[in-house]
């Protein structure tokens, strides 16, 4: 008699191999440290965004009417660049900037900061005759000005690092035709865009 035994079909399956009909077990919850890593990651992103909007691209609320009609008296908010424009070429003609309130020293102003438009650049000769701005003897086209003034400002060559700024609402704006040109270190930020008043 042969002592060779034949295995049945059930015996031929590996002991550790699950049956095809056996339901899959549910995955366990991830360890607590994975949840902590998830929370810390998003907390870091949140803090980074707050710091970005606080120190790199802060926003300002426009108050007062010196920049009408470009910005409304109250309610318009502007998003600004506080760092990058200084690392490049600095303020350019026609750009709108935020100024430190110290530029109004000696003049009555309750503003924490000012918003004005860059008109004259360092090294240029600027003059205002009956409200018309002349840059190096040439009249400057300013389609954004709707309320024109009739004041004069003597021909002046701007020193290095100094900018001439004016408000778009010329008759009422406290700007460089009062306190002179503004040093670059007094320009806090450049306006990127505005959020209209709702």
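The values are calculated or read from the model by the stated rules, or taken from the named source; none is laboratory data. The shown structure was predicted, so the numbers you read here are calculated from the model rather than taken from an experiment. Because the Cβ atoms are built from the backbone with ideal geometry, glycine has one as well, and the counts that use them run over all protein chains shown.
Structure notes:
- Check on residue 98, buried (at least 17 other Cβ atoms within 10 Å of the Cβ), assigned to a strand (DSSP E or B) and modelled with pLDDT under 95: yes
- The stretch 168-184 - residue that is in a helix (DSSP H, G or I) and free of Cβ contacts under 8 Å to residues at least 40 places away in the same chain and, of those, nearest to residue 123 (Cα to Cα): 170
- The residues of the stretch 140-167 that are touching a residue at least 60 places away in the same chain (Cβ under 8 Å) and either over 24 Å from the mean Cα position of the chain (by Cα) or surrounded by 13 or more Cβ atoms within 10 Å (Cβ to Cβ) (or both), listed by number, are 146, 147, 163, 165, 167.
- Within the stretch 65-92, residues that are in contact (Cβ under 8 Å) with a residue 40 or more places away in the chain sit with their Cβ atoms under 7 Å from residues that are surrounded by fewer than 13 Cβ atoms within 10 Å (Cβ to Cβ) and part of a loop (DSSP other than H, G, I, E, B), at 6+ positions apart or across chains, in these pairs: 69/146; 70/144; 76/196.
- Of all the numbered requirements in (1) surrounded by 11 or more Cβ atoms within 10 Å (Cβ to Cβ); (2) at pLDDT below 55, residue 55 misses one, and that requirement is (1).
- Scanning the stretch 115-130 for residues that are more than 31 Å from the chain's Cα centre (by Cα) and surrounded by fewer than 16 Cβ atoms within 10 Å (Cβ to Cβ) gives 129, 130.
- Yes/no for residue 107 being touching a residue at least 60 places away in the same chain (Cβ under 8 Å) and in contact with a helix residue (DSSP H, G or I) (Cβ under 7 Å, 6 or more places away or on another chain): yes
- Residue 137 vs. criteria loosely packed, with under 13 Cβ neighbours inside 10 Å, at pLDDT 95 or above and closer than 22 Å to residue 99 by Cα: no
- Members of the stretch 73-95 that are under 20 Å from residue 149 (Cα atoms) and modelled with pLDDT under 80: 73
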